[in-house]
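Below: one structure, written as structure tokens.
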Amino acid sequence: MVNRPKRRKSNDNPYMLKVINNTYFIIFKDINNKNNEVQVSKEIYEAMDRFELDDLKELNEYDRHIEHSELTDNKLNTRIMNKPLSVEDSVIRKSSYENLMIAINLLPEIQKRRIKKYYFDEKTLKEIAKEEHCTHRAVKFSLDIAIKKLKEILKN
């Protein structure tokens, strides 16, 4: 028996193909669900094999069409947003992050602490004010000055 590659088939495909010692067969189930084997010529076997390949091609085209038609704006936006970074972008991002951390470390201690709590620890102004026993307004004022200083440092 010749081993053909196993192919995905349409559910509407009622037959299987088989070759034994250069003899060609088509196997199908009858109305009683009984397997029947019919010997056919090589030409008919090859034609049925081509039909099977054409069916597979149509199944693949259909699947690709379904995938594309199911893409919503949200899925497309997600693909765009989660696009892997190029090596250049990764280096630039790392360099920018390092420059930012150096600039933050140049700030006075209170501003440095508040910047880290607000932007990195994601604490609110009220939470920071409560922790540091000061007013919400004082924290806001301190962060505003720190951001101005960071812009100046990073500009130079």
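So which of ASP49, ASP63, ASP55 ends up being part of a helix (DSSP H, G or I) and loosely packed, with under 12 Cβ neighbours inside 10 Å? Just one listed residue meets the conditions, ASP63.
Go through (1) over 30 Å from LYS148 (Cβ atoms); (2) open to solvent by less than 100 Å² (accessible area, probe 1.4 Å); (3) touching a residue at least 12 places away in the same chain (Cβ under 8 Å) one by one and return the number of the condition LEU100 breaks. The failed condition is (1). From the list LYS83, LYS117, LYS123, the lone residue that is assigned to a loop (DSSP other than H, G, I, E, B) and open to solvent by less than 60 Å² (accessible area, probe 1.4 Å) is LYS123. Only one of the listed residues (LEU71, LEU107) is in a loop (DSSP other than H, G, I, E, B), open to solvent by less than 70 Å² (accessible area, probe 1.4 Å) and modelled with pLDDT under 75. That residue is LEU71. Number of residues in the stretch 1-34 that are at pLDDT 85 or above and open to solvent by 100 Å² or more (accessible area, probe 1.4 Å): the value is 4.
The values are calculated or read from the model by the stated rules, or taken from the named source; none is laboratory data. As the structure is a computational prediction, the values presented were derived from the model and not from experiment. FYI the Cβ positions are ideal-geometry reconstructions off the backbone, even for glycines, and counts take in every protein chain you see. Only protein heavy atoms, including side chains, enter the accessible area calculation; ligands, DNA and RNA are left aside. Shrake-Rupley method; radii C 1.70, N 1.55, O 1.52, S 1.80 Å.
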